[in-house]
Each structure stands twice: as C-alpha cells, then as structure tokens.
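See below for the structure under consideration.
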Amino acid sequence: MSALKTEILSRLSTARLPSLPHVLIRLMALCQSDNTTISDLANLIEQEPAIAHKILQVASSPAYRHLGQQTRLDQGLITLGTHLVRMLIINESVYQNFNYLPVFRDHDLRFFWRHSLKTAVIARKAAWHMGHANIDEAYLAGLLHDIGRLALLVVVPDLYHNLFYLPDTEELCEQERAVLGIDHAEAGTWLIRQWKFDPAFIDSVASHHAAAQPHALPGRLTQLVHMANRLAECNPDDPAIELIARNYQFSSQIAMQIVAEADKDFREAASHLGMDLSNIETVTPKAPPVPLSPVQQQLNQELSNLIQASELGHFFQKSKTLSDLQDAALKAASALFSLKSAILLCRGDEKDACRIVAVNKALDQLLGHSVSAPSEGSIARACAEMLPEFIESMDGFSLTPEKNMARLLGGESWILLPLAGNNQCPGLIFASIAKEKLEELRIDKYRLIYFGQQFISAWQHIQEVKKTIQDKVALAEEKHRRLSREMAHEINNPLAVIRNYLFVLNKQLGEEKKGKQVISILNEEIDRLGTLVDEMGNPAYSTTAQTQITDIKALVKEVVGLFHETEFIPDNIQLITHASSLLPENMQVYAPENLLKQVLVNLVKNAVEAMPDGGSIIITHKGLHEQDGQKYYALAVRDSGPGIPEEILKNLFQPATTAKGKDHHGLGLSIVYSLLNKIEAIISCQSDSSGTTFDLLLPAVAAEKSKTVTTL
C-alpha cells in the first residue's frame with residue numbers, strides 16, 4: 001500500500017463525512033415490504049420536518065395544482081403516490097446531506113448529481129423490468145455509486161479537484177489510482193461500509209467499474225448498477241446502448257426507452273431538489289485552490305501529524321509485551337518515514353551502552369549485540385536531548401562505534417530517532433535513509449517527536465500492566481504463604497497425636513524387632529511429612545533447597561529398602577538398583593533429602609501402578625554428566641510397562657487426566673517436575689511399548705577424579 005493511499009484512508013477515518021440519514025435507513029427497511037402504505041410513509045416523514053415540507057412543496061407545485069392546494073401531509077402523499085414519495089425521500093436525504101458541506105462551497109456539483117440521478121433512474125427502471133425484489137434499493141445504489149468521488153474531494157481537495165470534473169469511466173479510475181493510489185470506487189466502498197450496508201449494496205459500489213463480464217459480477221444489484229452507470233453516459237440515439245444491453249442480456253429496445261426517459265426524469269428530480277440546471281453543459285474544472293500561507297501550512301501539517309499520531313497510538317496499544325512494542329515501533333517507523341536499514345537500541349542498566357533489541361531488513365545477526373554510547377556521541381546526545389539527530393555523512397559521527405554501525409546499516413545519510421516523552425527515553429531507532437527524505441523529516445521533525453511520544457505512552461502502559469501483574473502475583477504469593485502456614489499448623493496437630501500413639505505402641509511391643517522396625521519407618525515418614533508441610537509455608541525454601549546437600553546413592557538405597565520393608569511392591573514386580581563399580585561411593589548433589597525422596601517415591605509408585613500384571617523397575621546410577629557447562633549426576637528410573645500414550649506424553653508434567661483412569665489426574669508427575677525445578681534439576685522422559693524411562697540430572701556438588709563422565 002502506497003504512503004499516499006495510507007494517508008487518504010487515515011483521513012477518511014477521521015474526516016467529518018456525513019453519516020447515513022436516519023430517515024433513509026427507516027425508509028429502506030419499509031421498502032423491503034411490498035405492503036408499504038401511505039400511512040407507513042406518513043409516520044416516517046412526520047419525524048423529518050424538512051422532508052415533510054419538501055413533500056408538500058412538490059404536491060403544491062404547478063404539475064399537481066389541478067388537484068387542489070395540499071396543506072396536509074397525508075393529502076400530499078396521496079396526491080404524489082408512494083413511488084414518487086419514496087424517490088423524493090431518497091433524493092432529498094442524500095442530496096441535502098452532502099451537497100451543502102462547507103468543503104464543496106467552491107465546487108460545482110451539478111454534473112455529479114446529474115450522472116448520479118441518471119444512474120439511479122436507469123437502475124430503478126431496469127430493476128422493475130428485471131423483476132428485482134426491491135427497486136428502491138436499486139435506485140439508492142445508483143444514486144450512491146459515485147459517493148467515493150465526494151469523499152475524495154473532502155479529504156484531498158488539492159489533489160482531486162481536477163479529477164473530480166472528469167467523466168465517470170474506467171479511465172477515470174486509472175488516473176485516480178495513478179495520482180492517489182486509490183480510486184473512487186474503493187473510497188466509496190470504505191464509506192458505505194461504515195454505514196453498515198448489506199454486502200450486496202457494498203458490492204454494487206465496489207464493482208461499478210469492474211472489468212469483469214456481467215455474468216461474473218457478484219449479484220443482481222451489482223449487475224444493475226454496473227449497466228446503469230454505463231447507460232447514464234449515453235445519448236438516446238447512441239448505438240452503444242444496443243451493445244451494452246446485449247452484453248447484460250437485457251432488451252435493447254427497453255434500454256433505449258429507459259435512456260430516452262432518463263434525461264426527463266433527471267430534470268424532474270433536479271427540479272424537486274431545487275437544483276439550477278442552467279449552463280450545466282459548460283461546467284469546467286475550478287482553478288486550483290489558492291496556496292495556503294506558510295503559517296497555515298504548518299498548522300495543517302501539525303494537525304495531520306496529530307491525527308496520524310492518534311492512529312499510531314491505537315496501533316501501539318495492541319502490543320502486549322515490550323518486545324512486541326519494540327518490533328511494532330520499528331515496523332511503523334520504517335513504513336512512515338521511508339527508513340531503509342534500521343535497528344532499535346534499548347538503554348539498559350549498563351552505562352554508556354545500548355543493546356539491539358529489534359531490526360528490519362537482513363540484520364538478524366545484530367540482535368542482542370551491544371553498541372557503545374558514550375555521553376559525547378550522537379546516540380547519547382539524541383537520547384539526552386530527546387530530539388532527532390540528522391546525520392548527513394559519515395563525518396557527522398564523532399565516535400568510531402557509531403561509524404561502524406552506520407557502515408553496517410549502509411546508505412549515505414542516517415537518522416537517530418529517540419523514542420522519548422514525559423522525560424523518559426528508553427530507546428532509540430538508528431536507521432539509514434535517503435538524503436532527500438532526511439531533509440523532509442528535518443523540516444517536519446514534529447512527526448518524529450509525535451511518534452516517540454506515542455511509543456512512550458504505550459511503553460508506560462505496558463510497564464503499568466507489568467507492575468499491576470507483579471503486585472497481584474506478590475499478593476497471591478503472600479496469601480499462599482499465609483494459608484500454607486495455617487495449613488501446616490493444623491496438619492502438625494494430628495501428626496503429633498500419631499507420633500504419641502506410635503510411641504505408646506512401640507513401648508507395648510517390647511522386644512519384638514520387626515514391629516519396632518516398622519514403627520521406626522513410620523516415624524521417619526511422619527517426620528518427613530512434617531518437614532514437607534513446614535516447607536510449604538517457608539518463602540525462602542526455593543533458595544535454601546539449592547544449597548542443601550544429599551548423597552543420592554545412599555538415598556536411592558534407602559528408598560528401595562523402604563518399599564521392600566513396607567511390602568508396597570507386589571510380588572510380581574522387581575525393584576532393583578544398578579551402578580557401575582567405577583562410580584564413587586558418595587555422590588553428592590545440591591538438593592534436600594526430603595525433596596529427592598519425594599521425587600523417587602512418586603516415580604516408583606507411578607511405575608508400580610503402570611504394571612498391574614507385573615514387571616521390573618530399575619534405578620540406574622549413570623555417573624557424572626555435563627550439559628550447558630553445568631555438571632550433574634545422572635539417574636534413570638525405568639519400568640517395563642506398556643508405555644505412555646503419545647497424546648499424554650506431550651503434556652506429561654502438566655496436571656491432566658492420564659491413561660491410568662479418569663479419576664487419576666497425573667498430579668504425581670507435575671509435583672515431581674515442580675520439585676526438581678526448585679533445585680534447578682532436569683527431568684525428561686522416553687516411552688514406547690517396551691517401557692518408560694525417566695532421566696534425572698541432579699546438580700553435582702563436586703567432580704572427583706574417580707567419577708566417570710557419561711552422557712544420557
């Protein structure tokens with residue numbers, strides 16, 4: 001889309017063009033029914049005094065005076081008949097709505113209305129002969145088919161005033177597109193779409209100059225207006241009428257009759273509207289408008305900048321993240337200011353340096369790099385003064401890093417556009433630009449300033465939203481900690497009671513060793529549960545968890561023993577461990593013992609539940625493993641079960657219904673993932689029909705010489 005077309009559409013969005021008259025909307029609704037009566041029309045017209053006056057004026061005109069003076073609206077309606085009344089309402093509401101806009105004061109619109117009224121008359125008559133359901137709709141579509149010409153005259157009068165007086169042909173559309181980048185059919189379509197017309201009506205305006213064959217046009221109404229527009233430019237004896245009619249499979253005899261009557265009907269309609277038709281054939285283009293004074297030109301430019309900035313603000317406000325906003329700003333600046341290669345620099349905590357956070361063209365390799373920005377350089381000066389810098393040649397840069405960046409961007413001149421406003425400047429656009437465009441922007445630097453201010457408004461909005469979210473998260477965390485502490489207090493009470501009963505039971509067992517061993521295990525698990533409950537309410541747990549040390553080899557041995565001693569493992573399942581003889585006796589990791597114990601218990605329990613028909617579970621120590629420069633101890637838990645379905649494997653560590661049953665929500669694995677995440681450990685899973693393996697990487701305390709480095 002050309003810059004001029006973008007500007008015209010922007011002006012169409014903000015220009016004070018008339019809205020569709022309320023009476024016309026109501027009339028078209030009435031016309032959908034074949035049973036519309038004089039009473040219906042009277043009720044409608046009574047709400048519009050100007051139209052009521054026009055009805056009585058026409059009814060009392062010399063053409064109808066033989067029927068007597070009409071002083072009441074219902075009498076006037078009966079005198080004129082519903083067909084003429086409906087046309088009067090359409091003509092009057094549209095004509096009065098547009099003809100007297102101040103912008104048209106220096107333009108003769110009569111030839112425009114002649115063509116529009118002729119097209120409307122022809123469309124209505126042809127619609128009647130074709131049996132079209134709503135002939136008033138055809139009339140209105142014909143009357144408004146060229147409304148885009150008035151719209152363009154409103155928003156770009158200096159560029160369009162000569163084109164406005166040319167005949168309504170396909171050649172006119174070509175010239176409009178050449179000069180403006182948009183034709184009147186497209187402008188009219190945009191306008192009536194704002195009026196909420198139905199799609200058939202919109203198509204009739206959009207396609208009234210379409211080069212397509214009639215049978216390929218979208219719908220009967222579009223075909224009617226397309227034909228009427230061409231016939232309206234014909235004289236009654238024009239041989240082209242027969243050819244046009246045949247092309248639309250319309251009777252050429254009826255077409256010639258309609259064209260012959262069209263001029264008479266147009267003159268009658270013009271008379272009702274009070275349009276003076278004298279000397280209409282000598283209408284010529286007006287002289288170009290008198291050039292505005294420099295002061296007025298500047299005021300108009302600033303107004304245009306403000307309108308553009310307002311639209312830009314809406315565009316920026318759609319960005320949800322800072323990264324989105326930075327990308328949007330660079331794209332918008334490149335398009336609006338005809339920038340060539342461009343980067344967006346973000347000022348961070350590092351003094352005298354900026355980071356490249358967004359790029360255009362083929363500059364992806366620069367993303368994330370830093371650019372030196374000492375206080376004596378152009379970048380720092382533009383940010384400090386919050387004003388654009390215009391660099392005409394390489395000599396305009398005083399610092400080598402800035403010259404190097406300019407060379408990377410290419411070109412012969414450059415612009416530094418600070419994204420600044422409200423005494424803040426978080427970033428800057430550094431771009432190459434054509435010299436002639438540089439001079440334009442130097443003169444019109446307020447556009448650049450408005451651009452920066454709109455960026456800042458959106459940037460501050462994102463910062464405020466971010467702070468609001470952070471505040472809400474902090475409140476939620478505090479509420480969670482408070483509830484966790486309260487829950488921990490309440491849970492510890494029954495745990496204390498259980499401990500007391502176990503103590504009493506232990507005394508009653510006397511020397512019975514097996515029972516005492518079971519009670520010892522129960523006491524350990526109750527202590528572990530108490531610790532877990534206490535940790536729930538501890539806000540510093542995530543930090544302290546990463547500094548606690550556990551011997552993973554000893555812990556695995558303890559967990560396996562726990563399952564065997566409590567007889568949790570069925571007889572048809574084997575639970576064994578495997579470790580190379582080369583591995584050290586002690587393998588220490590950064591993790592609390594209780595946390596790792598909970599992880600292993602969950603994984604083993606899941607494996608047991610996955611093998612109701614029996615199988616094996618093997619916990620394998622794999623030794624030291626290095627990943628991304630960090631050292632971990634690797635541990636694998638494998639079962640020989642049927643495997644995990646692919647659809648569940650994709651979201652394995654999220655709480656969700658799994659293949660274990662509709663009442664099982666997979667919370668164990670989501671808890672495992674959450675616990676390991678607290679100690680910056682890594683877990684992954686591979687599964688097929690031969691079994692499932694969970695691989696754990698646990699942060700290693702130290703790498704001793706005897707440890708073997710392996711990979712998963």
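The values are calculated or read from the model by the stated rules, or taken from the named source; none is laboratory data. Since the model is a prediction, treat every value here as computed from it, not as a measurement. Don't worry about glycine lacking a Cβ; one is built from the backbone with ideal geometry, like all the others, and counts go over all protein chains shown. These accessible areas exclude ligands, DNA and RNA; they are computed on the full protein's heavy atoms, side chains included. Shrake-Rupley method; radii C 1.70, N 1.55, O 1.52, S 1.80 Å.
Summary table
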| read-out | value |
| --- | --- |
| Cα point-scatterer Debye curve for the stretch 403-517, base-10 log of I(q)/I(0) at q = 0.11, 0.16, 0.19 Å⁻¹ | -0.66, -0.90, -1.04 |
| Nearest-0.05 FRET efficiency for Phe568 and Glu511, computed from C-beta distance (R0 25 Å) | 0.45 |
| Paramagnetic label zone (point 7 Å from Cα along Cα-to-C-beta, Lys467; backbone N under 17 Å) in the stretch 412-451 | 421-426 |
| Förster radius 45 Å - calculated FRET efficiency between Gln257 and Phe315 (Cβ-Cβ, nearest 0.05) | 0.25 |
| Computed lengthening from Ser323 to Leu363, 0.36 nm per intervening residue step minus Cα-Cα distance | 12.7 nm |
| Net charge of neighbours whose Cβ lies under 12 Å from the Cβ of Ile462, counting Lys and Arg as +1 and Asp and Glu as -1 | +2 |
| Protection proxy ranking, peptides 414-420, 319-325, 206-212, 601-607, average beta carbon neighbours within 10 Å, highest first | 414-420, 601-607, 206-212, 319-325 |
| Environment charge at Lys320 (Cβ cut-off 14 Å; Lys +1, Arg +1, Asp -1, Glu -1) | -1 |
| Sequence of Lys513, Lys678, Lys318 from largest to smallest accessible area, 1.4 Å probe | Lys513, Lys318, Lys678 |
| Potential extension, Glu233-Gln213 segment - 0.36 nm per residue separation minus Cα distance | 5.3 nm |
| Accessible area of His215 in the full protein assembly, 1.4 Å probe (Å², nearest 10) | 150 Å² |
| Area of Val179 that stays accessible when all protein chains are in place (1.4 Å probe, Å², to 10) | 70 Å² |
| Prolate/oblate/rounded call for the stretch 334-414, Cα gyration tensor, a/c under 1.5 rounded | rounded |
| Amide H within-cut-off set for Thr577, under 5 Å, with H built and near neighbours excluded | Ile619 |
| Gyration tensor (alpha-carbon) shape descriptor, the stretch 157-235, a/c threshold 1.5 | oblate |
| Simple label model, 7 Å out from Cα along Cβ direction - Lys403 to Leu582, nm | 5.7 nm |
| Where Thr169, Thr547 fall by accessible area, highest first, once all protein chains stay in place (1.4 Å) | Thr547, Thr169 |
| Projected label distance in nm at Glu412 and Lys196, using a 7 Å step from Cα toward the beta-carbon | 5.6 nm |
